[in-house]
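Trainee: What follows is a single structure, and I will ask about it in a moment.
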Amino acid sequence: MIFIGSRQVTVPGAMFWRVYRFPRYRLISLPTPLEKAENLGRRLGIELYVKRDDVMELALGGNKARKLEYILGDALAKGCDTLITIGAYHSNHARLTAAAARKAGLDVHLVLTPPGSPEPQGNLLLDMLLGAEIHYASSEEEATSMMEEIASRLKERGRNPYIIPVGGSSPYGVLGYAAAALEIMQQLRSMGVEPGYIVHASGTGTTQAGLILGLKLLGAEVEVVGIGISRPLREARERVSRLVGEAAKLLGVDVGLEPEEIVIMDDYKFGGYAKITREVVETMKLAARVEGLILDPVYTAKALYGLMDLASKGYFEKGAVVFIHTGGTPIPFQKADIITKYL
Ligand SMILES: Cc1ncc(COP(=O)(O)O)c(C=O)c1O
């Protein structure tokens, strides 16, 4: 860290710059805003900031756009002409993959779960507008093997497909949030804020792995607190640890963490992935009514609930807290029937 006038500035170390050696296809303008949540912070008795990764110009934005910049960089460097990925029928990752493919002039196949004919709303409606070829599978495992089958069929026809694992969980996806770590630290430093924690919804673990890796390369002592929203704790920690290792290997740096060192809070799933209860909707209402902040009921509302509960237990004693709004803007429209039950 150095000082310019009275302002602290985060200067990346030599290892960090390796992140920028990888091809990146520009999808969004950065930095995204970092705003102080005065009202909510006061209520919780903490200094709270919100990193607005829901504010991006690509198809309503979200954390997947950062990952896709590096994933597309790799796909285009390999001469690929079609993206294939999987997700739930309300998947933000599927929507942003479709949008990124279109922006780069590529074809796109999405394998969504579960089958049936869900109402074309929210992300699914946007997938259709984007003209993605949509296939259905009944589980993540089945969807994963369907991706392989689609890729083989395309190769037989002389195409060059690129498979993106669930949620963009590849080492290239991790690089997107390693780069975001520097962006966040620079914004905080220029505001004169001493951060203690970054809190966000953790699903495939890619966002968390990127933040951890980026902060390590910067030598920043900030705790990354993932709020688990889908996978069992052990699997979630192992995924983050594996992704940190894979991305570190890609960068040629010596960073590794044991699964037990990864901080993931497991008490805020409210019955499991995409299960929506009264508490989840109450959190959406609170964020909207106190900060004018729109959350989604699958990821960001559960993450904020976790943050608020931890604050009430005095968890955040080391410094300011940054909540990453990871996106999900279309999901409330897709889940309107459940949300309106608790309004
Ligand atoms: C809005 C939102 N927040 C958080 C996540 C979780 O991110 P990650 O898969 O990188 O853990 C996702 C991904 O599914 C998401 O769409």
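The values are calculated or read from the model by the stated rules, or taken from the named source; none is laboratory data. Computed from a prediction, not measured in an experiment: that's the story for all the values here. Using ideal geometry, Cβ is built from the backbone for each residue, glycine included, and neighbour counts are taken over all protein chains shown.
Trainee: Select from segment 34-54 the residues that are within 16 Å of the ligand (Cβ to nearest atom) and assigned to a loop (DSSP other than H, G, I, E, B) and write down the one among them that is farthest from Leu250 (Cα to Cα).
Mentor: Top of the filtered list is Asp54.
Trainee: So, in segment 20-45, of the ones that are surrounded by 15 or more Cβ atoms within 10 Å (Cβ to Cβ) and of a type in the set (Gly, Ala, Ser), which residue ends up nearest to the chain's Cα centre (by Cα)?
Mentor: Of everything passing the filter in segment 20-45, Ala37 is nearest to the chain's Cα centre (by Cα).
Trainee: I would also like to ask the following. How many residues does segment 126-175 hold that are away from the ligand (no atom under 16 Å from the Cβ) and among the polar types (S, T, N, Q)?
Mentor: Qualifying residue count, segment 126-175: 5.
Trainee: How many of the residues in segment 155-174 are surrounded by fewer than 18 Cβ atoms within 10 Å (Cβ to Cβ) and touching a residue at least 12 places away in the same chain (Cβ under 8 Å)?
Mentor: Matching residues across segment 155-174 total 3.
Trainee: Report the residue count in segment 21-31 for those that are within 20 Å of Met191 (Cβ to Cβ) and either in contact (Cβ under 8 Å) with a residue 60 or more places away in the chain or outside the structural domain of Ala181 (by TED's automatic domain parsing) (or both).
Mentor: Going through segment 21-31 one residue at a time, the tally reaches 2.
Trainee: Now, a different point. Taking Pro232 as meeting all but one of (1) over 16 Å from the mean Cα position of the chain (by Cα); (2) closer than 26 Å to Ala37 by Cα, write down the number of the exception.
Mentor: Against the list (1) over 16 Å from the mean Cα position of the chain (by Cα); (2) closer than 26 Å to Ala37 by Cα, Pro232 comes up short only on (2).
Trainee: Is it the case that Gly256 is closer than 18 Å to Ala181 by Cα and either more than 21 Å from the chain's Cα centre (by Cα) or at pLDDT below 95 (or both)?
Mentor: In short, yes.
Trainee: Is it the case, given these coordinates, that Gly105 is within 19 Å of the chain's Cα centre (by Cα) and either within 15 Å of Ala75 (Cβ to Cβ) or of a type outside the set (S, T, N, Q) (or both)?
Mentor: Here the answer is no, as Gly105 does not meet what is asked.
Trainee: Of everything in segment 55-97, what is surrounded by 24 or more Cβ atoms within 10 Å (Cβ to Cβ) and away from the ligand (no atom under 16 Å from the Cβ)? Give them in sequence order.
Mentor: Hits for segment 55-97 are Leu72, Ala75, Leu83, Ile84.
Trainee: Here are the criteria: (1) under 25 Å from Met56 (Cβ atoms); (2) within 14 Å of the ligand (Cβ to nearest atom); (3) touching a strand residue (DSSP E or B) at 6+ places or on another chain (Cβ under 8 Å). Tell me which single one Glu291 does not satisfy.
Mentor: All conditions are met except number (2).
Yes/no matrix, rows are residues, columns are (1) without any contact (Cβ under 8 Å) to a residue 60 or more places away in the chain; (2) over 18 Å from Lys51 (Cβ atoms); (3) surrounded by fewer than 19 Cβ atoms within 10 Å (Cβ to Cβ):
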site	(1), (2), (3)
Met284	yes, yes, no
Gly292	yes, no, yes
Ala303	no, no, no
Gly306	no, no, no
Leu310	no, no, no
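Trainee: Tell me which of these Ser190 doesn't satisfy, since it passes every other one: (1) buried (at least 22 other Cβ atoms within 10 Å of the Cβ); (2) of a type in the set (Ser, Thr, Tyr); (3) more than 12 Å from the ligand (Cβ to nearest atom).
Mentor: Of the numbered conditions (1) buried (at least 22 other Cβ atoms within 10 Å of the Cβ); (2) of a type in the set (Ser, Thr, Tyr); (3) more than 12 Å from the ligand (Cβ to nearest atom), the odd one out for Ser190 is (1).
Trainee: Another question about this same structure. Restricting to segment 296-337, what's the tally of residues that are farther than 15 Å from Thr283 by Cα, more than 10 Å from the ligand (Cβ to nearest atom) and in a strand (DSSP E or B)?
Mentor: Total meeting the criteria: 3.
Trainee: For Gly256, all conditions in the list (1) more than 16 Å from the ligand (Cβ to nearest atom); (2) buried (at least 17 other Cβ atoms within 10 Å of the Cβ) hold save one; what is the number of the exception?
Mentor: With respect to (1) more than 16 Å from the ligand (Cβ to nearest atom); (2) buried (at least 17 other Cβ atoms within 10 Å of the Cβ), Gly256 is out only on (2).
Trainee: Going through segment 203-231 one residue at a time, which ones are near the ligand (Cβ under 10 Å from one of its atoms), without any contact (Cβ under 8 Å) to a residue 60 or more places away in the chain and outside any helix (DSSP H, G or I)?
Mentor: Residues satisfying the conditions are Thr204, Gly205, Gly226, Gly228, Ser230, Arg231.
Quick grid of which residues meet (1) touching a residue at least 40 places away in the same chain (Cβ under 8 Å); (2) of a type in the set (Val, Ile, Thr); (3) surrounded by 13 or more Cβ atoms within 10 Å (Cβ to Cβ):
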| position | (1), (2), (3) |
| --- | --- |
| Gly116 | no, no, no |
| Gln121 | yes, no, yes |
| Leu126 | yes, no, yes |
| Leu130 | yes, no, yes |
| Ile134 | no, yes, yes |
| Ala137 | yes, no, yes |
| Glu141 | no, no, no |
| Thr144 | yes, yes, yes |
| Ile150 | yes, yes, yes |
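Trainee: His109 is checked against (1) within 15 Å of the ligand (Cβ to nearest atom); (2) assigned to a strand (DSSP E or B); (3) in contact (Cβ under 8 Å) with a residue 40 or more places away in the chain; (4) not small (Gly, Ala, Ser) and fails just one. What number does that condition carry?
Mentor: Among (1) within 15 Å of the ligand (Cβ to nearest atom); (2) assigned to a strand (DSSP E or B); (3) in contact (Cβ under 8 Å) with a residue 40 or more places away in the chain; (4) not small (Gly, Ala, Ser), His109 violates only (1).
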